[in-house]
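Only one structure is covered here, and it is reproduced in the block below.
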Amino acid sequence: MTTTRAAVQTAARELEFRDLDLPDGVDSGEALVRVEGCGICGADYERYLGDMDESDMFEYPVVIGHEPVGVIEKIGADARDRWGVGAGDRIAIEPFAPCGVCEHCTRGEYTICDQRFIYGTTSLSVGAGIWGGFAEQMLLRPGTVVHEISRSTSIEDATFFNPLGAGFEWVCRAGDAGVGDSILVMGPGQRGLSAVIAAAESGCDPLIASGLADDRPRLDIAESFGATHTVDVENESLTERIETITDDRGVDVVVDTTPGVTEPIVDAIEAVRPGGTIVLAGTKGMKTVEGFVSDKLVLNNISIEGTLGTRAWSFERAIDIIETGDYDLTQLHSHTLGLSELERAIKLQGGEADENAFHVTVTPNDD
Ligand SMILES: [Zn+2]
Ligand SMILES: [Zn+2]
């Protein structure tokens, strides 16, 4: 039996590398993938800290990593038919592998599938156990949703499929924003800038991006991606800028991608027009929102949308954009690190390092 090297989280802040047994073959509905790279997001850092310890969605010991891109080494006949890909194809793998038959799945809400099988969160004790992208190889189970991605795309651009897919999910699906709609994207992280690309692609105008004073370089990137206005909320009044830009009307859609802080939710309620929509995309560490007045939603007919995960059509759109090369994503790639440096990569993503990280890719090759 051959083995594969994988990063296994065994407790909060405890990572180790193990050589795990690979199955001899794959079942008809499965595939074995040679991982080329895996992106990192805030969720990896939260899990690293142990924030998910109380949740039944994350069980130790677990091979982590949920934003992988790789090449199919072996694939069963059923998986080949259902997924439309074969051995040798390069694929981006969605984090959720839904059951396809529960009430949520049949409504198309497969990211809240009753079964909740999520790559990078499922214990080693389940089946072959190699269900994470921070590994040399990983197994794909029936129900997995995969998207073919060009081999000529750099691995850093390819792993950007995940944040960019989320951007389309928030702007187009949750926010229902389209041509001529005004939009405010709060927070210029990798996900905020993904939302800016999605809004630009959708014809949103004006397209406003906001951030802190230190975010100036990222707000400049937002402009290069098509933002018509940027606001430094520490040195300017967001409310006044929005009033000026929209002639006191307010924006049609606000997408809040800021992690951990609740003030932007209160600001979003001020910024959105009556009848508009606020999409909550950043999690806030389970904090209550100070200054939240629900009557403002009622009296102004404002909708708030919460979103978990991204669905296939948003990932398809993201991969199309990545393959065109229309947006210079190299501005966002701050680090490409080998698997042995995973802990550093996660800490970089969590801001626990001197250097600033942006989009970080981990590759199994340590050279
Ligand atoms: Zn993620
Ligand atoms: Zn389901």
Exactly one of these conditions fails for ALA199: (1) surrounded by fewer than 24 Cβ atoms within 10 Å (Cβ to Cβ); (2) assigned to a helix (DSSP H, G or I). Give me its number.
(1)
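Out of all the residues in the stretch 41-62, which are in contact with a Ser or Thr (Cβ under 7 Å, 6 or more places away or on another chain) and away from ligand 2 (no atom under 16 Å from the Cβ)? Show your work before the answer.
Here is the first cut: in the stretch 41-62, the residues in contact with a Ser or Thr (Cβ under 7 Å, 6 or more places away or on another chain) are 57-62.
Across the stretch 41-62, the qualifying residues are PHE58, GLU59, TYR60, PRO61, VAL62.
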Could you check, for the stretch 48-70, whether at least one of its residues is within 15 Å of ligand 1 (Cβ to nearest atom), of a type in the set (D, E, K, R) and surrounded by fewer than 23 Cβ atoms within 10 Å (Cβ to Cβ)?
yes
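Would a scan of the stretch 164-186 turn up a residue that is within 16 Å of ligand 2 (Cβ to nearest atom) and either part of a helix (DSSP H, G or I) or surrounded by fewer than 19 Cβ atoms within 10 Å (Cβ to Cβ) (or both)? Even if it seems obvious, please write down each step before you answer.
Going residue by residue through the stretch 164-186, those that are within 16 Å of ligand 2 (Cβ to nearest atom) are none.
No: the stretch 164-186 contains no residue that is within 16 Å of ligand 2 (Cβ to nearest atom) and either part of a helix (DSSP H, G or I) or surrounded by fewer than 19 Cβ atoms within 10 Å (Cβ to Cβ) (or both).
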I need the full set of residues from the stretch 225-242 which are more than 30 Å from ASP326 (Cα to Cα) and assigned to a loop (DSSP other than H, G, I, E, B), in order please.
GLU234, ASN235, GLU236, SER237
Quick check on the stretch 129-141. Is at least one of its residues of a type in the set (Gly, Ala, Ser), under 18 Å from ASP24 (Cα atoms) and part of a loop (DSSP other than H, G, I, E, B)?
yes
Out of the residues in the stretch 70-119 meeting the condition of being in contact with a helix residue (DSSP H, G or I) (Cβ under 9 Å, 6 or more places away or on another chain), not hydrophobic (A, V, I, L, M, F, W, C) and not in a loop (DSSP other than H, G, I, E, B), tell me which one is farthest from ALA312 (Cα to Cα).
ARG90
For the stretch 22-50, give me each residue that is modelled with pLDDT under 95 and acidic (Asp, Glu).
ASP24, ASP44, GLU46
So the check is Cβ under 7 Å with 6+ separation or different chains; which pairs have a first residue in the stretch 292-320 that's under 20 Å from ASP252 (Cα atoms) and a second one that's small (Gly, Ala, Ser) and surrounded by fewer than 15 Cβ atoms within 10 Å (Cβ to Cβ)?
ASN301/GLY275
Can you tell me how many residues within the stretch 22-42 are in contact (Cβ under 8 Å) with a residue 40 or more places away in the chain and not in a strand (DSSP E or B)?
11
Residues in the stretch 36-45: is at least one away from ligand 1 (no atom under 16 Å from the Cβ), touching a strand residue (DSSP E or B) at 6+ places or on another chain (Cβ under 6 Å) and over 15 Å from ILE130 (Cβ atoms)?
yes
Picking from CYS105, CYS99, which residue would you name as being within 16 Å of ligand 2 (Cβ to nearest atom) and free of Cβ contacts under 8 Å to residues at least 24 places away in the same chain?
CYS105
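For the stretch 171-187, does any single residue satisfy the condition of being over 22 Å from ILE319 (Cα atoms) and free of Cβ contacts under 8 Å to residues at least 60 places away in the same chain?
Initial filter on the stretch 171-187 (over 22 Å from ILE319 (Cα atoms)): 180-184, 186-187.
Those left that are additionally free of Cβ contacts under 8 Å to residues at least 60 places away in the same chain: 180.
Yes, the stretch 171-187 has at least one match.
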Of all residues in the stretch 160-183, how many are out of contact with any Asp or Glu (no Cβ under 6 Å at 6 or more places or on another chain) and within 20 Å of LEU308 (Cα to Cα)?
16
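The values are calculated or read from the model by the stated rules, or taken from the named source; none is laboratory data. From a predicted model like this one, the values you see are computed outputs, not experimental measurements. Glycine gets a Cβ as well: all are built from the backbone with ideal geometry, and neighbour counts include every protein chain shown.
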